[in-house]
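Q: Shown below is the structure under consideration.
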Amino acid sequence: MNSFFGWIGRGLILWLEETSRLWSLICSSLYWAFIAPFRGKGVKRHYVSNQMVEIGVNSLGIVFLMSFFMGMVLALQTAYQLKKFGALVYVASLLSISFVREIGPLLTAIVVAGRSGSAMAAELGTMKVSEEVQALETMGVNPVRFLVIPRLIAMLVMLPCLTIFADVMGMLGGGVVGTNFLGIPAGLYFQKSIEMLVMKDLVTGLLKAFVFAGIIAWIGCYQGLMVSGGAEGVGKATTKSVVMAIISIIIADCFFTGLFYFVWE
């Protein structure tokens with residue numbers, strides 16, 4: 001019993017320490033991102049633009065591919081049920097709403113967490129192991145300002161943009177199935193896809209994407225800056241960043257979906 005409660009206590013203490021350090025990073029990054037620029041202490045634009053290319057432009061291919069095929073799968077699955085009621089035409093409406101509000105932001109965030117979030121952890125972890133972070137501190141350069149803020153700003157900008165592209169590709173994938181396999185005229189399919197959407201659907205999806213972007217950037221950078229133990233530590237931090245980011249994204253998605261359902265309906 002003593003070892004059992006000791007195990008629980010050690011886990012709780014470790015969790016509180018991790019949470020405290022992560023919260024400190026979040027507060028520091030919010031200052032450098034949104035307050036310091038008005039005091040003449042902003043980050044250089046080319047650092048942010050380089051990260052935007054890495055996070056956004058270089059992720060377009062995999063986001064397009066996964067969204068397109070997910071749209072096809074979702075169209076087939078919904079048609080299986082709606083066909084029983086003679087309501088195949090509503091496949092378009094159901095797919096567009098579900099993609100814009102839920103599947104688009106969630107799928108994009110998971111893909112980017114696996115691709116860019118892990119890259120952040122690996123890159124910053126390698127810099128920490130090779131003592132480049134300590135060198136920045138020795139030169140009087142704040143690591144959060146120099147390393148974290150460009151990645152955070154780029155993620156906050158590019159993930160909502162990628163989400164919009166994912167929504168479009170998902171609806172196109174569903175359109176391919178609807179027009180070629182379900183016998184729905186192309187004009188009618190895309191008319192039903194658009195007319196059922198309202199601004200609230202788009203705002204809901206983009207707000208989720210904005211929150212997911214912060215989660216991915218903060219967890220990836222935190223895990224990278226906390227690396228210890230050489231190359232093995234970098235590998236562990238990279239894996240941990242992906243797992244923590246995906247779990248946090250799903251929890252946040254559940255919270256905001258419930259919030260929008262009960263408050264904004």
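Nothing in this text is a laboratory measurement; each read-out follows from the coordinates by a stated rule. Keep in mind that this is a model prediction, so the values were computed, not measured. In this analysis, Cβ positions are derived from the backbone assuming ideal geometry, glycine residues included, and neighbour counts consider all displayed protein chains.
Q: Between helix 149-180 and the chain, what is the angle of the helix's C-alpha long axis to the longest principal axis, kept within 0 to 90° and rounded to the nearest 10?
A: 20 degrees
Q: Among the lysines, which have Cα under 18 Å from the Cα of Lys200 when same-chain residues fewer than 8 positions away are ignored?
A: Lys200 reaches Lys192, Lys208.
Q: Ratio of alpha-carbon Rg to the 2.2 N^0.38 Å globular estimate for segment 44-263, to two decimals, please. Walk me through the intermediate numbers first.
A: Numbers: Rg = 20.0 Å, N = 220, 2.2 N^0.38 = 17.1 Å.
Rounded to two decimals, the normalised Rg is 1.17.
Q: Calculate, in nm to one decimal, what Leu207 and Tyr261 gain on full extension: separation in residues at 0.36 nm each, minus their alpha carbon distance. Walk me through the numbers before you get to the answer.
A: Details: separation 54, 0.36 × 54 = 19.44 nm, distance 1.40 nm.
Additional length available on full extension: 18.0 nm.
Q: Helix 2-34 sits at what angle to the longest principal axis of the chain, using alpha carbons and giving 0 to 90 degrees rounded to 10?
A: Approximately 80 degrees, to the nearest 10.
Q: Using the per-residue mean of other Cβ atoms lying within 10 Å as a proxy for protection, in what order, highest first, do the peptides 149-156, 31-38 fall?
A: On the way: 149-156: 24.9, 31-38: 13.9.
So the order, starting with the most tightly packed, is 149-156, 31-38.
Q: Okay, moving on. Taking θ as phi - 60°, what are the ³J(HN,Hα) couplings along segment 214-220 by the Karplus curve (6.51, -1.76, 1.60), each to the nearest whole Hz, with x for Gly and Pro?
A: Karplus values, whole Hz, x for Gly and Pro: x, 4, 4, 5, 5, 5, x.
Q: For segment 201-230 and segment 74-152, what is the separation of their Cα centres, given in Å?
A: For segment 201-230 versus segment 74-152, the Cα centre distance is 8 Å.
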